[in-house]
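The next block holds one structure in the form of structure tokens; read it before the comments.
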Amino acid sequence: MADQNIRRRDFIKLSAFGAAATAILRLARRVSASDPSGTSPHKWAMVIDQAKCTGCGYCTLACRAHNDVPPDISWNRVIEVGNFGDRKSYLSRPCMHCEHAPCVEVCPVKASYYRPDGIVMMNYDRCIGCRYCEVACPYGGRAFNWEKFTGPNPAVPKWGQPEVERRPRGVVEKCSFCYQRIDRGLAMGLVPGVDDEATPACVVACPVRARVFGDLNDEESEVYKILSETPSYRLREDLGTMPRVYYLSARKEEAA
Amino acid sequence: MIATIKSIRWTPYTYWVTALLVCMFFGAIAGLIVFVRGLSVTNLTDLVPWGLWITIDLSAIAMSAGAFLLCAAVYILDLKQYQPVARTATFIGLIGYSMAVLTLLLDIGRPDRFWHAVVFWNVHSVLWEVTMCVTLYLCVLVLESAPIIGHTKWMQNRWPKVAQWMVRVHHYAPYLAIVGLGLSMLHQSSLGATYGVLKARPIWYRPDLSVLFMISAMAGGPSLTVLVTMLAARLYPRIQINDTILEKITNFIAWVLIGYLYFRFWDALSMTYTYMPGRTEGLRVLTKGILSFNFWVWEIILGAVVPIVILRSQRFRKQPVLRMIALGLVVAGVVAYRWDTTISGQLVLLTYLPNEIVARYTNYFPSFIEFLSGIGVIAYGALAVTLGIRYLNIIQHYEVPAGVVEAHSLPAATD
């Protein structure tokens, strides 16, 4: 009887130990999975030409439709920045996908992270909603889901549907360079920036082709060519965040 | 029900507890509304994402700084005479940190994921470090407070064995004090660094914030401990306090305040030198704008200068009422500093437009629900300390329960 008791106790101990070990192992695997290691041959970047931009806001709308962004949030904002000659000048601002992103550095749980191809991504399943990234972003590129977004999205047309899941209440969201289009396009053998299906929605929707998207590692890409031929600037370069969104200033020759 | 209420003998104590319970009740309702309806019930925005709750959180942690300071004094510097005060400070620290955890749960958008920081580490994040330190230090405080609970009659009668274990934890007090000192120094200053590392906010972006948060906590924490001790001794005749050691602590507070004021002065003065977009405007908001009353009156004059005068002058500090007022002002000054820092960094926004890097202003005033839940948390803290004074004997400088008389060794009776 005593013997059996000990055996039972041992069994319980052993199973408890086994359960704990499994839990720790699973935890460790999850933690290590949180670091998307590996390399990518690509380095995505966007060029926005302020000389062409008319401030129509199609980029914002397309973004809303494809990413199911609620009406009170804009992943891509179009801001009037003044007059240039006799026409207005605009600044369209997606997420800068900084090389040294303050949001990634400050996030306590690695819900914001760098993809190997340079996209600054959000893990919406992990975000705790502390909003430190919002405080840290110099570009106001992030928005918090103060309320649950329910009902149909007015920006989504009847004939289509968003490509990504709607974010829950209580997490911070932002532009992802339409990673879903890039990834699916690459899997289909398409070239992001060349083939519309593999290019961010805002770039495709722009009626005046003010936006160009592509791979900075690819010398044949349009972004590479533009940036090596034309002077460009980035927002708040003094901060050293190294944005991957480049701007071409409004210029005289095209201002007419 | 009415009969029971009628049978209560209404004393100042019962009035006080009832008032706190009412505040807690409404606070709990407000908290429930926050959890059900989400943070849309607050006045926080994407431009000012942090507000009243963060201030309460930062203040509660600063007010708990007495715990690590006095424990370090007793168990590391071997200043045994402060042991009874360290006991009080430890308990206040435990309550303060639990208040901070409660407000954080209110504040994060996904309270169900509060444990993520423990599992998913981002070692680059100051906030991660703070979260880990606060979690670990809360464990230290629980252990440090265990002997207090273990000494209660109720515990000893109900679970004598558990009570014995809890008392035995005291054996490890020096080690806990070392761990506590390390963790506290780390996160008290890191709370300042949480703001100080943000390039996007020029008024915050400077290393001084961590130093100032540390020093102001070293003044505010012991102030609250001494204030609560003196207040309790006045209200409960059975509580006997040793005024000599309290006076020594207030003397220490005065010196810390002088150091704080000195660093604060240079910090502020250095920011006036040359125009820097965002920073200059932030300083203007602080010293001339809407926060100027808080800054000059609560932070500098009442929060530092007046207490220094009172606590440094022997004639003034010998008068208990005057000393308590001074300590209360220090506490208020530290809270005002936390609020002003939090708000000044967010009210001024720096634009990112190419030819126009200028400051823009926004506004924030906490919503009713924010106030209600915040007051609820504060009421919880006040109630916990009140009950601790009454039932856990946390303030007792002479009739220390057996087993805590000596700081280092444990009497044979419990071994």
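The values are calculated or read from the model by the stated rules, or taken from the named source; none is laboratory data. This structure is a prediction, so every number in the text was calculated from the model and none was measured. Because the Cβ atoms are built from the backbone with ideal geometry, glycine has one as well, and the counts that use them run over all protein chains shown.
B:THR341 - would you say it is closer than 29 Å to B:PHE365 by Cβ and touching a residue at least 40 places away in the same chain (Cβ under 8 Å)?
Taking the combined requirement at face value, the residue satisfies it.
A quick yes/no check of all residues on (1) more than 14 Å from chain B (Cβ to nearest Cβ); (2) under 13 Å from the mean Cα position of the chain (by Cα); (3) hydrophobic (A, V, I, L, M, F, W, C); (4) closer than 25 Å to B:VAL119 by Cβ:
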| position | (1), (2), (3), (4) |
| --- | --- |
| A:PRO108 | no, no, no, yes |
| A:ASN123 | no, yes, no, yes |
| A:ASN153 | yes, no, no, no |
| A:GLU163 | yes, no, no, no |
| A:PRO168 | no, no, no, yes |
| A:GLU173 | no, yes, no, yes |
| A:GLY185 | yes, no, no, no |
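Could you count how many residues in region B:116-131 are surrounded by fewer than 18 Cβ atoms within 10 Å (Cβ to Cβ), part of a loop (DSSP other than H, G, I, E, B) and within 9 Å of chain A (Cβ to nearest Cβ)?
Matching residues across region B:116-131 total 1.
Being of a type outside the set (A, V, I, L, M, F, W, C) and not in a helix (DSSP H, G or I) is the filter here; which residues of region B:63-109 pass it?
If the condition is that a residue be of a type outside the set (A, V, I, L, M, F, W, C) and not in a helix (DSSP H, G or I), then B:SER64, B:ASP78, B:GLY109 are the ones that fit.
Limited to region A:82-111, what total is found for residues that are in contact (Cβ under 8 Å) with a residue 24 or more places away in the chain, in a strand (DSSP E or B) and not charged (D, E, K, R)?
Here the count works out to 5.
Within region A:179-216, can you find the residues that are in contact with a His (Cβ under 6 Å, 6 or more places away or on another chain) and not in a helix (DSSP H, G or I)?
Result: A:ASP215, single match.
May I ask you to say which residue of B:ALA89, B:ALA73 is of a type in the set (Gly, Ala, Ser), in contact (Cβ under 8 Å) with a residue 12 or more places away in the chain and within 15 Å of B:ILE394 (Cα to Cα)?
B:ALA89
Quick check on my filter: what residues within region A:150-178 are surrounded by 15 or more Cβ atoms within 10 Å (Cβ to Cβ) and either free of Cβ contacts under 8 Å to residues at least 12 places away in the same chain or not in a loop (DSSP other than H, G, I, E, B) (or both)?
If the condition is that a residue be surrounded by 15 or more Cβ atoms within 10 Å (Cβ to Cβ) and either free of Cβ contacts under 8 Å to residues at least 12 places away in the same chain or not in a loop (DSSP other than H, G, I, E, B) (or both), then A:VAL172, A:GLU173 are the ones that fit.
Show the residue pairs that are 6+ apart or on different chains and have beta-carbon atoms under 7 Å apart, the first residue being within region A:193-209 and over 18 Å from A:PRO94 (Cα atoms) and assigned by TED's automatic domain parsing to the domain that holds A:ALA51, the second being basic (Lys, Arg) and surrounded by 14 or more Cβ atoms within 10 Å (Cβ to Cβ).
Taking only residues 6 or more apart or on different chains, the pairs are A:GLU197/A:ARG181.
Only one of B:ILE301, B:ILE343 is assigned to a helix (DSSP H, G or I), within 14 Å of chain A (Cβ to nearest Cβ) and aliphatic (A, V, I, L, M). Can you tell me which?
B:ILE343
Taking the criterion of being away from chain A (no Cβ under 14 Å) and part of a loop (DSSP other than H, G, I, E, B), would at least one residue in region B:52-61 satisfy it?
No - not one qualifying residue is present in region B:52-61.
Matching residues to (1) touching a Gly at 6+ places or on another chain (Cβ under 9 Å); (2) within 14 Å of chain A (Cβ to nearest Cβ):
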{"position": "B:THR11", "(1), (2)": "no, no"}
{"position": "B:TRP16", "(1), (2)": "no, no"}
{"position": "B:ALA19", "(1), (2)": "no, no"}
{"position": "B:CYS23", "(1), (2)": "yes, no"}
{"position": "B:ILE29", "(1), (2)": "yes, no"}
{"position": "B:VAL36", "(1), (2)": "no, yes"}
{"position": "B:LEU39", "(1), (2)": "yes, yes"}
{"position": "B:ASN43", "(1), (2)": "yes, yes"}
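Can you find, within region A:130-144, the residue that is surrounded by the fewest Cβ atoms within 10 Å (Cβ to Cβ) among those that are more than 7 Å from chain B (Cβ to nearest Cβ) and not hydrophobic (A, V, I, L, M, F, W, C)?
A:GLY140
Go through region A:30-59 residue by residue and tally those that are assigned to a helix (DSSP H, G or I) and either surrounded by fewer than 10 Cβ atoms within 10 Å (Cβ to Cβ) or at pLDDT 90 or above (or both).
Selection size over region A:30-59: 3.
Would you please name the residue that is surrounded by the most Cβ atoms within 10 Å (Cβ to Cβ), looking only at residues in region A:192-236 that are under 21 Å from the mean Cα position of the chain (by Cα) and within 14 Å of another protein chain (Cβ to nearest Cβ)?
By that ranking, first place goes to A:LEU235.
Being touching a residue at least 12 places away in the same chain (Cβ under 8 Å) and of a type outside the set (Val, Ile, Thr) is the filter here, so list the residues in region B:43-61 that pass it.
B:ASN43, B:LEU44, B:LEU47, B:PRO49, B:TRP50, B:GLY51, B:LEU52, B:TRP53, B:ASP57, B:LEU58, B:SER59, B:ALA60
Tell me, yes or no, whether region B:243-264 has at least one residue that is surrounded by fewer than 21 Cβ atoms within 10 Å (Cβ to Cβ) and part of a loop (DSSP other than H, G, I, E, B).
Checking region B:243-264: not a single residue is surrounded by fewer than 21 Cβ atoms within 10 Å (Cβ to Cβ) and part of a loop (DSSP other than H, G, I, E, B).
Hey, can you tell me all the residues within region B:197-230 that are modelled with pLDDT under 95 and more than 28 Å from B:VAL48 (Cα to Cα)?
Correct list: empty.
Yes/no matrix, rows are residues, columns are (1) under 26 Å from B:PRO222 (Cα atoms); (2) modelled with pLDDT of 95 or more; (3) part of a helix (DSSP H, G or I); (4) touching a helix residue (DSSP H, G or I) at 6+ places or on another chain (Cβ under 9 Å):
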{"position": "B:VAL285", "(1), (2), (3), (4)": "no, no, yes, yes"}
{"position": "B:ILE308", "(1), (2), (3), (4)": "yes, yes, yes, yes"}
{"position": "B:PHE316", "(1), (2), (3), (4)": "yes, no, yes, yes"}
{"position": "B:ARG323", "(1), (2), (3), (4)": "yes, yes, yes, yes"}
{"position": "B:ARG338", "(1), (2), (3), (4)": "yes, yes, yes, yes"}
{"position": "B:LEU349", "(1), (2), (3), (4)": "no, no, no, no"}
{"position": "B:GLU370", "(1), (2), (3), (4)": "no, yes, yes, yes"}
{"position": "B:ILE375", "(1), (2), (3), (4)": "yes, yes, yes, yes"}
{"position": "B:LEU383", "(1), (2), (3), (4)": "yes, yes, yes, yes"}
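Go through region B:346-366 and give me each residue that's touching a residue at least 60 places away in the same chain (Cβ under 8 Å), surrounded by fewer than 18 Cβ atoms within 10 Å (Cβ to Cβ) and within 14 Å of another protein chain (Cβ to nearest Cβ).
Answer for region B:346-366, where residues must be touching a residue at least 60 places away in the same chain (Cβ under 8 Å), surrounded by fewer than 18 Cβ atoms within 10 Å (Cβ to Cβ) and within 14 Å of another protein chain (Cβ to nearest Cβ): B:ILE357, B:VAL358, B:THR362.
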